1. Would you mind ranking 46, 23, 125 by Cβ crowding within 10 Å, fewest neighbours first?
2. Based on Cα positions only, what radius of gyration and what Dmax would you give for region 22-160, in angstroms?
3. Between residue 98 and residue 144, how many nm apart are label points set 7 Å from Cα along the C-beta direction?
4. Please report the Cα spread of region 79-160 along all three principal axes, rounded to whole Å, starting with the longest.
5. What are the trypsin sites (Lys or Arg not before Pro) within region 90-160 that DSSP puts in a loop, where the Cβ has at most 12 other Cβ atoms within 10 Å?
6. Residues with amide H under 5 Å of residue 76's amide H, sequence separation 5 or more or different chain, H placed in the peptide plane at 1.01 Å from N; which?
7. With all distinct Cα pairs included, what does the Kirkwood hydrodynamic radius of region 26-92 come out to in Å, to one decimal, could you say?
8. Taking the number of other C-beta atoms within 10 Å as the exposure measure, put 126, 79, 4 in order starting with the fewest.
Amino acid sequence: MAKYDNAKLVPRATPNESGGLYIDRQVTNLDAPGFLTANPASGDNIQIGVVPAGCKLVPHLCLLQVPVLDTNATSTVKYKVGSVATVGALAAEVTPGNNAASTVPSASFIVSAAGFGSPTDDVPIYLNLSAAVATQPAAGARGKVLFDLALRAWDSKFDV
């Protein structure tokens, strides 16, 4: 099982304490030089986002777009979205369908009681491949993962 951290993935927008929401589009290029050293396999974690320190994710306002991960006529790939410790914390298992890209709309994200974020640390978000890929896209044709994260400032009165 491999873990691919995207060192270039940093938040662009940071909410302040005014209570405002920010949408931060985070892009993971699966073909970036040196990022994926091999074709992703079942059990691999690929970083697709990061919730900056001092922020809380508002999952039901997020949108995730994943390119074609399995080019086989009958796709076998499945994935979950969450942290390394809690693999399906944000989205339970998604099956993109045969040879198709997938979009995980805001209604599909799980709003967990514990929330997703930290007052002091960045919290990486991973795409966890939970089933094997039958046929990998060719190198240079893997595409980009687009993740629109809805963020708000951490509030110590309410957040745990």
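Each value in this text was obtained by applying a stated rule to the coordinates, not by laboratory testing. Remember, predicted model here, so these are calculated numbers, not experimental data. Heads up, the Cβs are rebuilt from the backbone with ideal geometry, glycines too, and the neighbour counts pull from every protein chain shown.
1. 23, 46, 125
2. 15.1, 51
3. So the label points at residue 98 and residue 144 sit 3.0 nm apart.
4. Cα spread of region 79-160 along its principal axes, largest to smallest: 48, 23, 22 Å.
5. Qualifying residues, ordered by number: 157.
6. When sequence neighbours closer than 5 places are left aside, the close amide H contacts are 134, 135.
7. One decimal place: 14.0 Å for the Kirkwood radius.
8. Ranked by crowding around the Cβ, least crowded first: 4, 126, 79.
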